[in-house]
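Written below as structure tokens is the structure these notes are about.
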Amino acid sequence: MEVAWEQRKLGEVKTIKDGTHDSPRYVPKGYPLVTSKNLNDSGLNLSDVSYISESDFDSINKRSKVNVGDIIFGMIGTIGNPVLLDESNFAIKNVALLKNDGPIQNHWLIQYLKSDVFNRLTSEKTAGNTQKFIGLNVIRNLIIDTPSIHEQVIIGSFLKLTDSIIAANQGKRLQIKNALLSCQALFLTRFTLN
């Protein structure tokens, strides 16, 4: 027997928070402060991150502690780029935090959040002329279609496998491209020497 998907407010099925909106003082060494610029299609990118002190880290984490298995995505500037976390030793600023709780599994939810359906939903709800943003209450009130737990497991697993295959093939494509560029450079070097 097939069970119909339910429409639910995101805030009814997930605990949703956001990071600090304050601007803590940055330090040369400390804890990373993740903003939307650190989120991309590949996941969490800490190569260009600002650092904060332990006291600021502790203060921010009283409001919005991130844990492995949670989902974060940008709320200001670049809206979206959701990431399912596999690390948690950082704080967040102007980033939505969907805790790994409630009746919806985050392995399924991350796939939904990456979909065009969710992108359309959020683009309809963004505000701001110069810099786009989406408010926490808007996120909590977004209506999403939710399948049964059994379907979440199947869909989430299948789409995760698909993402892994795509990522592996992109890596191979990059290796081939680099090999071709090396051959091209070698050919051009020999051609100009003759």
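The values are calculated or read from the model by the stated rules, or taken from the named source; none is laboratory data. Just so you know, these numbers come straight off a predicted model, no measurement behind them. Backbone-built Cβ (ideal geometry, glycine too); neighbour counts: all protein chains shown. Surface accessibility is based on the protein's heavy atoms, side chains included, excluding ligands, DNA and RNA. Shrake-Rupley method; radii C 1.70, N 1.55, O 1.52, S 1.80 Å.
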Self-check item: Summed residue charge, Cβ within 9 Å of N141's Cβ, Lys/Arg positive, Asp/Glu negative
Solution: +3
Quiz item: How big is segment 94-172 by Rg and Dmax over its Cα atoms, in Å?
Solution: 14.8, 43
Self-check item: Anchor K93: lysines whose Cα lies under 21 Å away (excluding residues fewer than 8 positions away in-chain)
Solution: K14, K17, K29, K37, K62, K65, K114, K125, K132
Quiz prompt | Distance-filtered residues of segment 52-76 - backbone nitrogen under 16 Å, label point 7 angstrom along K37 Cα→Cβ | solution = 52, 74-76
Quiz item: Which of G19, S53, Q7 sits farthest toward the positive end of the charge dipole of segment 1-57, with +1 on the Cβ of Lys and Arg and -1 on the Cβ of Asp and Glu?
Solution: S53
Self-check item: Gaussian network model of the chain, Cα within-10 Å springs - most flexible of N89, N178, N100
Solution: N178
Exercise. Would you mind getting the accessible area per residue of segment 18-142, heavy atoms of the protein chains only, 1.4 Å probe, in Å²?
Key: 51 Å²
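Let me know the charge dipole size of segment 16-59 about its Cα centre in debye, to the nearest 20, where only the beta-carbon of Lys, Arg (+1) and Asp, Glu (-1) is charged.
Once rounded to the nearest 20, the dipole reads 80 debye.
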Self-check item: Relative contact order, percent, the chain [alpha-carbon distance under 8 Å, six or more residues apart]
Solution: 26 percent
Quiz item: What do you reckon, how do R63, R140, R25 stack up by accessible area (1.4 Å probe), largest on top?
Solution: R25, R63, R140
Exercise. Please work out how much accessible surface K17 shows to a 1.4 Å probe, ignoring ligands, DNA and RNA, in Å² rounded to 10.
Key: 80 Å²
Quiz item: Ignoring ligands, DNA and RNA, how do D18, D48, D86 rank by accessible area with a 1.4 Å probe, largest first?
Solution: D86, D48, D18
Quiz item: Taking only DSSP H segments of four or more residues, each worth -39500 (n - 2.57), what value at 222 nm results for the chain once the sum is divided by all its residues, to the nearest 500 deg cm²/dmol?
Solution: -14000 deg cm²/dmol
Quiz prompt | With all protein chains modelled, accessible area of E12 [1.4 Å, Å²] | solution = 110 Å²
Practice problem: Sum up the charges of everything whose Cβ sits under 13 Å from the Cβ of N100, counting Lys and Arg as +1 and Asp and Glu as -1, but leave N100 out. | Solution: +1
Quiz item: Can you put Y112, Y31, Y26 in order of accessible area, largest first, using a 1.4 Å probe?
Solution: Y26, Y31, Y112
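Out of the total accessible area of the chain (probe 1.4 Å, heavy atoms of protein only), what percent is carbon and sulfur?
C and S atoms contribute 54 percent here.
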Quiz item: Along the three principal axes, how long is segment 9-132 when you take its alpha carbons, biggest first, rounded to the nearest angstrom?
Solution: 40, 35, 25
Exercise. Would you work out the charge dipole size for segment 1-142 about its Cα centre, treating the Cβ of every Lys and Arg as +1 and the Cβ of every Asp and Glu as -1, and quote it to the nearest 20 debye?
Key: 380 debye
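Starting from the Cα-Cα distance between H21 and S148, subtract it from 0.36 nm times their residue separation and give me the gain in nm to one decimal.
Result for the pair: 42.2 nm of gain on full extension.
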Self-check item: Sum of side-chain charges, D22 neighbourhood, beta-carbon under 11 Å (Lys, Arg +1; Asp, Glu -1)
Solution: +2
Practice problem: Please report how far the C-alpha centroid of segment 1-79 lies from that of segment 95-170, rounded to the nearest whole angstrom. | Solution: 14 Å
